[in-house]
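Step one of this worksheet: look at the structure below.
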Amino acid sequence: MSKQFDVVVIGGGPGGYIAAIRAAQLGFNVACIDEWKNAAGGPAPGGTCTNVGCIPSKALLQSSEHFEHASKHFAEHGISTGKVEMDVAKMIARKDGVVKQNNDGILYLFKKNKVSFFHGRGSFVAAKDGAYEIKVAGAAEEVIVGKQVIVATGSNARPLPGAEFDEVNILSNDGALRVGAVPKKLGVIGSGVIGLEMGSVWRRLGAEVTILEALPTFLGAADEGVAKEALKAFTKQGLKIELGVKISEIKNGKKGVTVSYADAKGAAQELAVDKLIVSIGRVPNTTGLNPEAVGLQLDERGAIVVDGDCRTNLPGVWAVGDVVRGPMLAHKAEEEGVAVAERIAGQHGHVNFATVPWVIYTSPEIAWVGRTEQQLKADGVAYKAGQFPFLANGRARALGDTTGFVKILADAASDEILGVHIVGPMASELIAEAVMAMEFKASSEDIARICHAHPSLSESTKEAALAVDKRTLNF
Ligand SMILES: Cc1cc2nc3c(=O)[nH]c(=O)nc-3n(C[C@H](O)[C@H](O)[C@H](O)COP(=O)(O)OP(=O)(O)OC[C@H]3O[C@@H](n4cnc5c(N)ncnc54)[C@H](O)[C@@H]3O)c2cc1C
């Protein structure tokens, strides 16, 4: 007789493993199936985020930032080091160690919460008696049954036709996170979050990095002011960013990769690089899931069709994270996972898409929540803007990092905060206050009246709120 579960989760990334834990907390008998393998063939739950995404990229960003500080900025603090050298193999090994800690942490959490973990590929077999049979193909093969199924199978890097990933010269995010030596010349196609973060890592370590972007505007989703400030900073650091390019051919040879393209003016150009990272977006992943067996509906992009509550077209089947509509972000996947588990338990799980924060972990960091100035203009909303530069913040000066600003956009009539946009040091942490404020429908006056520790970067958020009412105290 097949093992029976109240809830079967397919996929153990941030959407899936969090859904499994929350469902177990709510008293359900839960299974989570994940197929990711570590180098030894063992289980490595955590998905893209843990294995080849959020976590390893941040580990490399940290190592490369230390390297850059030691090589370029220690001297101004009176610290002399002699020639600073980077052992790339050691950096990659440290990153792998950080990934493993996270994999092991998830396996521990499954045990702690009594989630049954299955290592292998899960695929639908049939719908039977109000439940679903799921085949698990791992070291052995078995069929388990779930009354409710949560699909969280994530996404894969989108390949560029004519430039297939070989992970030697043409790299996806996977290969970009395990380059064995600093390339002399690195090309990046796509100036989105992943392209900018990966480009920054290898630029800091000494690569000459050129980023080619098809769109005519830089970081179109970000507030225009933020995107402009970030472009200025990245260019000053030596990242070469070309916008509005049209790629015609990519040749992958023994000595590297040559990209032929027309620049924004239409002139033919050629870029020869040792390695090329292609980061032009990600595609929803349902490989091997066998959705046809039960009639699970996908859209033309291959994403699982869900309603606002993550319900699919099938009763008792839900889908969360990168495999469904919405931003491909780990915290969005987690929120959906929690909300679905709570809905299965008859509670009112909820995800507020209007307050999902966005972060780019470059230097300066970029983070925002809510609407941009250009969106407010397009929506015809009357708003007030307040901006405060880190240049006028004591903590930023002490840190030696005064690039950027905090900008708060508030409704002209009610003063409710509509968007907060930060480019500068620790923007990834500072944005949390803005998310909380927006979740509680705070006004800019609320933030302006809250006591912020001194000296702290967060005082810039308070000052930006004061700036909405044209009464900054330190600028
Ligand atoms: C380089 C990079 C950096 C990123 N940085 C950030 C960041 O800083 N912050 C952020 O919020 N987001 C970041 N992301 C995006 C983030 O990784 C994803 O949004 C997130 O992982 C999505 O979670 P998920 O659970 O939907 O899917 P995934 O994390 O992709 O997990 C899906 C899991 O399901 C498994 N699976 C798939 N099919 C099956 C099957 N049939 N049977 C069993 N298992 C299956 C996969 O092996 C995988 O383990 C980054 C992505 C990349 C590539």
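The values are calculated or read from the model by the stated rules, or taken from the named source; none is laboratory data. None of the values given here were measured: they were computed from a predicted structure. Cβ placement follows ideal geometry from the backbone for every residue including glycine, while neighbour counts extend to all protein chains displayed. In case anyone asks, the SASA skips ligands and DNA or RNA and just uses the protein heavy atoms, side chains included. Shrake-Rupley method; radii C 1.70, N 1.55, O 1.52, S 1.80 Å.
Annotations
- Using a simple spin-label model with pseudo-atoms 7 Å out from Cα toward Cβ, residue 167 and residue 93 lie 2.1 nm apart.
- Accessible surface ranking that places the most exposed of 282, 204, 371 first, with a 1.4 angstrom probe: 371, 282, 204
- Residues with amide H under 5 Å from that of residue 149, placed H, sequence gap 5 or more: 8, 317, 318
- The dipole here belongs to the stretch 1-71: it is taken about the Cα centre, uses +1 on the Cβ of Lys and Arg and -1 on the Cβ of Asp and Glu, and is about 200 debye.
- Close amide H contacts of residue 118 (hydrogens built in the peptide plane, cut-off under 5 Å, sequence separation of 5 or more or a different chain): 32, 33, 34.
- Computed about the Cα centre, the dipole magnitude for the chain is approximately 900 debye when only Lys and Arg (+1) and Asp and Glu (-1) carry charge, each at its Cβ.
- Between the Cα long axis of helix 193-204 and the first principal axis of the chain there is an angle of about 60°, rounded to the nearest 10.
- Once you reduce the stretch 150-217 and the stretch 367-446 to the center of their Cα atoms, the two points are 30 Å from each other.
- At a probe radius of 1.4 angstrom, the accessible area of the chain per residue rounds to 46 square angstrom.
- Each of 110, 452, 173 was placed along the dipole of the chain (beta-carbon charges, centred on the mean Cα), and the one lying farthest toward the positive end is 173.
- The stretch 355-468 - charge dipole about Cα centre, Lys and Arg +1 at Cβ, Asp and Glu -1, debye rounded to 20: 200 debye
- Ranked from largest to smallest solvent-accessible area, with a 1.4 Å probe on the protein heavy atoms, 143, 149 come out as 143, 149.
- Model label zone, residue 174; criterion: amide N under 17 Å from point 7 Å along Cα-to-beta-carbon; scope the stretch 280-299: 280-289
- The stretch 239-249 - phi-based ³J(HN,Hα) in whole Hz, Karplus 6.51/-1.76/1.60, Gly and Pro as x: 6, 9, 10, 10, 9, x, 8, 10, 7, 9, 7
- Shown in residue order for the stretch 452-458 are the 3J(HN,Hα) couplings computed by the Karplus curve 6.51 cos²θ - 1.76 cosθ + 1.60 at θ = phi - 60°: 10, 4, 10, x, 8, 5, 5 Hz (x for Gly and Pro).
- Alpha-carbon spread of the chain, three principal axes, descending order, Å: 70, 61, 47
- Contact order normalised by residue count of the stretch 170-280, Cα under 8 Å, 6+ apart, percent: 35 percent
- Here each label is just a point 7 Å from Cα along the line to Cβ, and for residue 139 and residue 38 those points are 1.4 nm apart.
- Local net charge near residue 142, Cβ-Cβ under 13 Å (Lys/Arg +1, Asp/Glu -1): +1
- The alpha-carbon atoms of the stretch 355-468 define a convex hull whose volume equals 85 cubic angstrom per residue.
- Within the accessible area of the stretch 1-115 (1.4 Å probe), percent carbon and sulfur: 55 percent
- Computed on the stretch 34-180, the Cα convex hull volume stands at 168 Å³ per residue.
- Once divided by 2.2 N^0.38 Å, the Cα radius of gyration of the stretch 170-280 becomes 1.01.
- Label-point separation, residue 181 to residue 449 (7 Å along Cα→Cβ), nm: 6.3 nm
- Neighbourhood net charge (13 Å Cβ-Cβ; Lys/Arg +1, Asp/Glu -1) for residue 11: -4
- The long axis of helix 14-25 is offset from the longest Cα principal axis of the chain by roughly 60 degrees.
- Shape of the stretch 313-369, Cα gyration tensor, a/c cut at 1.5: prolate
- Projecting the Cα positions of 258, 234, 194 onto the charge dipole of the stretch 170-280 (unit charges on Cβ atoms of Lys, Arg, Asp and Glu, taken about the Cα centre) puts 258 furthest along the positive direction.
- Other-chain or far-sequence residues with amide H under 5 Å of residue 158's (modelled H): 280, 281, 282, 283
- Of the residues 314, 161, 10, the one whose Cα sits farthest towards the positive end of the charge dipole of the chain is 161 (charges of +1 on Lys and Arg Cβ, -1 on Asp and Glu Cβ, taken about the Cα centre).
- Compared with the dominant principal axis of the Cα atoms in the chain, helix 224-237 is inclined by about 70°.
- Sequence-ordered 3J(HN,Hα) estimates for the stretch 288-293 from the Karplus curve with 6.51, -1.76 and 1.60 and θ = phi - 60° stand at x, 6, 6, x, 4, 4 Hz, glycine and proline given as x.
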